[in-house]
Amino acid sequence: MKHLLDQIRAFNTERDWDQYHSPKNLAMALMIEAAELAEHFQWDTTEESRCPAPDKRPAIEEEVGDVFIYLLNLADKLEIDVLEAARKKLETNRQKYPVKKVRGKKEKWTEYL
Ligand SMILES: [Mg+2]
(Lines give C-alpha, C1' and ligand atoms only; values in the text may rest on other atoms or scores of the structure.)
Protein backbone atom coordinates (compact mmCIF):
# COMPACT_ATOMS: atom_id res chain seq x y z
CA MET A 1 0.00 0.00 0.00
CA LYS A 2 2.80 2.41 0.89
CA HIS A 3 4.55 1.66 -2.40
CA LEU A 4 1.36 2.31 -4.37
CA LEU A 5 0.83 5.59 -2.52
CA ASP A 6 4.41 6.61 -3.32
CA GLN A 7 3.78 5.84 -7.00
CA ILE A 8 0.58 7.91 -6.99
CA ARG A 9 2.37 10.84 -5.32
CA ALA A 10 5.18 10.66 -7.89
CA PHE A 11 2.67 10.52 -10.75
CA ASN A 12 0.98 13.68 -9.45
CA THR A 13 4.23 15.52 -8.74
CA GLU A 14 5.70 14.76 -12.16
CA ARG A 15 2.64 16.33 -13.76
CA ASP A 16 2.29 19.22 -11.29
CA TRP A 17 -1.29 18.13 -10.61
CA ASP A 18 -1.32 18.55 -6.85
CA GLN A 19 -2.46 22.12 -7.46
CA TYR A 20 -5.79 20.68 -8.66
CA HIS A 21 -6.10 18.05 -5.94
CA SER A 22 -8.08 19.80 -3.26
CA PRO A 23 -10.17 17.44 -1.15
CA LYS A 24 -13.27 18.93 -2.82
CA ASN A 25 -11.99 18.19 -6.31
CA LEU A 26 -10.80 14.73 -5.35
CA ALA A 27 -14.13 13.87 -3.72
CA MET A 28 -15.89 14.95 -6.92
CA ALA A 29 -13.49 12.95 -9.08
CA LEU A 30 -14.04 9.92 -6.85
CA MET A 31 -17.81 10.17 -7.30
CA ILE A 32 -17.44 10.57 -11.07
CA GLU A 33 -15.23 7.48 -11.30
CA ALA A 34 -17.67 5.54 -9.11
CA ALA A 35 -20.43 6.55 -11.53
CA GLU A 36 -18.31 5.37 -14.46
CA LEU A 37 -17.94 2.03 -12.67
CA ALA A 38 -21.69 1.82 -12.05
CA GLU A 39 -22.37 2.64 -15.70
CA HIS A 40 -20.99 -0.76 -16.70
CA PHE A 41 -23.85 -2.41 -14.81
CA GLN A 42 -26.53 0.16 -15.56
CA TRP A 43 -28.91 -1.97 -17.60
CA ASP A 44 -27.80 -5.40 -16.48
CA THR A 45 -30.09 -7.65 -14.55
CA THR A 46 -28.94 -8.59 -11.07
CA GLU A 47 -27.74 -11.91 -12.41
CA GLU A 48 -25.93 -10.37 -15.39
CA SER A 49 -24.13 -8.01 -13.02
CA ARG A 50 -22.80 -10.97 -11.03
CA CYS A 51 -20.95 -12.30 -14.06
CA PRO A 52 -19.93 -9.51 -16.47
CA ALA A 53 -19.07 -10.55 -20.01
CA PRO A 54 -15.34 -11.24 -20.37
CA ASP A 55 -14.96 -8.39 -22.85
CA LYS A 56 -16.37 -5.94 -20.25
CA ARG A 57 -13.96 -6.95 -17.48
CA PRO A 58 -10.94 -4.85 -18.53
CA ALA A 59 -13.00 -1.66 -18.58
CA ILE A 60 -14.55 -2.51 -15.20
CA GLU A 61 -11.11 -3.17 -13.76
CA GLU A 62 -9.94 0.22 -15.06
CA GLU A 63 -12.78 1.98 -13.26
CA VAL A 64 -12.04 0.07 -10.05
CA GLY A 65 -8.47 1.33 -10.38
CA ASP A 66 -9.64 4.90 -10.97
CA VAL A 67 -11.88 4.80 -7.89
CA PHE A 68 -9.12 3.40 -5.71
CA ILE A 69 -6.53 5.91 -6.93
CA TYR A 70 -8.82 8.87 -6.24
CA LEU A 71 -9.74 7.44 -2.84
CA LEU A 72 -6.06 7.11 -1.95
CA ASN A 73 -5.36 10.62 -3.25
CA LEU A 74 -8.19 12.06 -1.18
CA ALA A 75 -7.20 10.20 1.97
CA ASP A 76 -3.57 11.22 1.47
CA LYS A 77 -4.46 14.90 1.25
CA LEU A 78 -6.47 14.60 4.48
CA GLU A 79 -3.78 12.46 6.15
CA ILE A 80 -6.18 9.56 6.58
CA ASP A 81 -4.78 6.05 6.72
CA VAL A 82 -7.21 4.22 4.44
CA LEU A 83 -6.54 0.80 5.93
CA GLU A 84 -6.92 2.06 9.49
CA ALA A 85 -10.11 3.95 8.58
CA ALA A 86 -11.53 0.79 7.02
CA ARG A 87 -10.60 -1.32 10.05
CA LYS A 88 -12.25 1.20 12.39
CA LYS A 89 -15.40 1.34 10.27
CA LEU A 90 -15.59 -2.43 10.07
CA GLU A 91 -15.49 -2.59 13.87
CA THR A 92 -18.20 0.09 14.06
CA ASN A 93 -20.30 -1.93 11.63
CA ARG A 94 -19.78 -5.10 13.70
CA GLN A 95 -21.31 -3.31 16.65
CA LYS A 96 -24.12 -1.75 14.64
CA TYR A 97 -24.96 -5.05 12.97
CA PRO A 98 -24.56 -7.89 15.47
CA VAL A 99 -24.71 -11.24 13.66
CA LYS A 100 -27.41 -12.58 15.99
CA LYS A 101 -29.74 -9.69 15.11
CA VAL A 102 -29.08 -9.13 11.43
CA ARG A 103 -27.98 -12.36 9.79
CA GLY A 104 -29.80 -12.61 6.44
CA LYS A 105 -31.56 -9.27 6.92
CA LYS A 106 -30.95 -6.07 4.93
CA GLU A 107 -32.49 -3.24 6.98
CA LYS A 108 -30.40 -0.26 8.13
CA TRP A 109 -29.00 -0.49 11.66
CA THR A 110 -31.53 2.00 13.02
CA GLU A 111 -34.26 -0.58 12.35
CA TYR A 112 -32.67 -2.93 14.90
CA LEU A 113 -32.58 -0.51 17.85
MG1 LIG B 1 -12.60 6.29 -15.31
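The values are calculated or read from the model by the stated rules, or taken from the named source; none is laboratory data. Predicted model only: the values in this text are computed from it and were never measured. Using ideal geometry, Cβ is built from the backbone for each residue, glycine included, and neighbour counts are taken over all protein chains shown. Note: accessible area is taken over every heavy atom of the protein model, side chains too, but ligands, DNA and RNA are not part of it. Shrake-Rupley method; radii C 1.70, N 1.55, O 1.52, S 1.80 Å.
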K108 accessible area, assembled protein chains, probe 1.4 Å, Å²: 130 Å²
message: Using the crude model of +1 on Lys and Arg Cβ and -1 on Asp and Glu Cβ, and no other charge, please compute the dipole size for the chain relative to its Cα centre, in debye to 20.
response: 1060 debye
task: First compute the accessible area of the chain with a 1.4 Å probe, then give the percent of it belonging to carbon and sulfur atoms.
output: 59 percent
- line: Flagged as over-length at 26 Å C-alpha distance, from K24/K106; K2/K24; K56/K96; K56/K101, the pairs are K24/K106; K56/K96; K56/K101
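Once Rh for segment 1-107 is found with the Kirkwood sum over Cα pairs, what is the Stokes-Einstein diffusion coefficient at 20 °C and 1.002 mPa s, in µm²/s?
The estimated diffusion coefficient comes to 131 µm²/s.
Kindly state, to the nearest 0.05, the FRET efficiency for D18 paired with Y97, given R0 = 35 Å and r defined as their beta-carbon distance. Write down the numbers at each step before the final one.
Working: r = 38 Å, r/R0 = 1.09.
About 0.35, to the nearest 0.05.
Which residues make up the longest stretch of the chain that has no chymotrypsin sites (Phe, Trp or Tyr not before Pro) in a DSSP loop with at most 13 other Cβ atoms within 10 Å?
Numbers: sites that count: W17, W43.
Segment 44-113 is the longest.
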statement: On the formula 1/(1 + (r/R0)^6), with r taken between the Cβ atoms of A85 and D55 and R0 of 41 Å, the FRET efficiency rounded to 0.05 is 0.75
